[in-house]
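Following: one structure in structure tokens, then a few remarks.
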Amino acid sequence: MVVQSLKILCIGLLLSLNFTQAEEPALPYVAEPPPTLYTGFGQLLDDDKALVLEELMDLDQSIQRIALYHNGDRLHRLIPKQVHQMVENKLMRRLIANGRFDVIQCIECRTTKVVMAADELKISQAAENNQELRALSKRVRADAFMFWSASVHENKFTINLRLVDGKNNELLWLKEYSKKTTKEAEAEDFDKVQYELIVGAWGINGERKSTTGGGDAELNGATVFGIRRRESTELNEDIEYTLGFEYFTNYSSGELFDLSGYNLEGRIIADIPALDDVIDSNVYLGIGQSFFNNANSLIFRFGFEFPFFKDGFMDFGVVYMQEADVKWKKDTAFEETGTFGGASYDLTLGVRF
């Protein structure tokens, strides 16, 4: 009776160590992981040299359905579950982006078995040998397993990948990716910052009335020059932000209008994944405050951004400026005060550096 009780106690202690290791007081960094783990592995997989899709294109065409299988040892368990989930999600997105693979969720691949045999406690994963792996592939209907593990040692982040045929256990593909960095360097790289030089046109109209009974004068549009600071984070690469300073003036009807002002604008830019197969594009929404000719006004802008050459882009949308009373240069044939504002097109060409 005493021996049986000791067995039960040992089983409980081992299960507690295996499944609740992240909650032990001796490992506070597991319960609350430092940013270096998340960003380090994230940047490693975001590198263009990691999991190059062309390397997988030469595989046998019979390999269609792939199941991810995490097979880390005790060292890999020091990495929090949320980091493992991030790594697996990025691996899954890369494989799906290939277009020829179907990636399936394999719940069985994450199952840990605990058995008692010959007075010994054994903890194992779903497949411990080739025969069990072949049986698992039939059960989940996977053509191959992508075994993966992640580890970090002395600021070196490593991810190991092995693609194994589910029918005959043949090793189809093997790769290791690693990157050595520091927490300070990762913190600097976490936010990606670029700058943009832009030139554009607004179709906003200005007006001043005649004092001699003749026709009124109209200003059709303004030319815009500016610089923007563009920022994105590793947390969500599909959302970007810009803060810009723009100077706008008119080059038409210069003898009657002397428009000159500047605009401070904040902008949110979002990717549109649904259109990636048709045309690479983003949607933007901006709001700014403009100052011109002894007047000021709010500016709202909405439209689409399209790539233009390697580092260039084009914005095409609408701009709305609240109409304001402005003061124009003196002219005996026209009133000195008039209006400027309204809704019109917003066309911009820019380059990033």
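The values are calculated or read from the model by the stated rules, or taken from the named source; none is laboratory data. It should be emphasised that the depicted structure is a prediction, and the values quoted were computed from it without experimental measurement. Cβ coordinates were reconstructed from backbone atoms using ideal geometry, including for glycine residues, and neighbour counts include every protein chain displayed.
Applying the selection to the stretch 261-291, what residues are over 19 Å from Leu197 (Cα atoms), part of a strand (DSSP E or B) and small (Gly, Ala, Ser)?
Scanning the stretch 261-291 gives a single hit, Ala270.
Mind listing whichever residues of the stretch 236-252 are without any contact (Cβ under 8 Å) to a residue 40 or more places away in the chain, more than 22 Å from Glu336 (Cα to Cα) and among the polar types (S, T, N, Q)?
Within the stretch 236-252, just Asn236 meets the criteria.
Look through Asp60, Asp119 and report the one residue that is at pLDDT 80 or above and out of contact with any strand residue (DSSP E or B) (no Cβ under 7 Å at 6 or more places or on another chain). Spell out how you get there, then give the answer.
Values: Asp119 fails: at pLDDT 80 or above.
On inspection, the qualifying residue turns out to be Asp60.
So, in the stretch 152-205, how many residues would count as being within 29 Å of Glu54 (Cα to Cα), among the hydroxyl-bearing types (Ser, Thr, Tyr) and modelled with pLDDT of 85 or more?
3
I'd like the full set of residues that are assigned to a loop (DSSP other than H, G, I, E, B) and in contact with a Lys or Arg (Cβ under 7 Å, 6 or more places away or on another chain), limited to the stretch 301-353. It would help to see each step written out before you state the result.
Initial filter on the stretch 301-353 (assigned to a loop (DSSP other than H, G, I, E, B)): 309-311, 328-333, 335-336, 353.
Matches in the stretch 301-353: Asp311, Trp328, Glu335, Glu336.
Select from the stretch 278-306 the residues that are among the aromatic types (Phe, Trp, Tyr) and surrounded by fewer than 17 Cβ atoms within 10 Å (Cβ to Cβ) and write down the one among them that is farthest from the chain's Cα centre (by Cα).
Across the stretch 278-306, the extreme among qualifying residues is Phe291.
Could you count how many residues in the stretch 198-235 are in contact with a helix residue (DSSP H, G or I) (Cβ under 7 Å, 6 or more places away or on another chain) and either assigned to a strand (DSSP E or B) or without any contact (Cβ under 8 Å) to a residue 40 or more places away in the chain (or both)?
So the count comes out to 1.
Of the numbered conditions (1) modelled with pLDDT under 95; (2) of a type in the set (Phe, Trp, Tyr); (3) over 17 Å from Ala270 (Cα atoms), Phe306 fails exactly one; give the number of that condition.
Phe306 satisfies every listed condition except (3).
Polar (S, T, N, Q), out of contact with any His (no Cβ under 8 Å at 6 or more places or on another chain) and modelled with pLDDT of 95 or more: which single residue out of Ser290, Ser281 fits that description?
The conditions single out Ser290.
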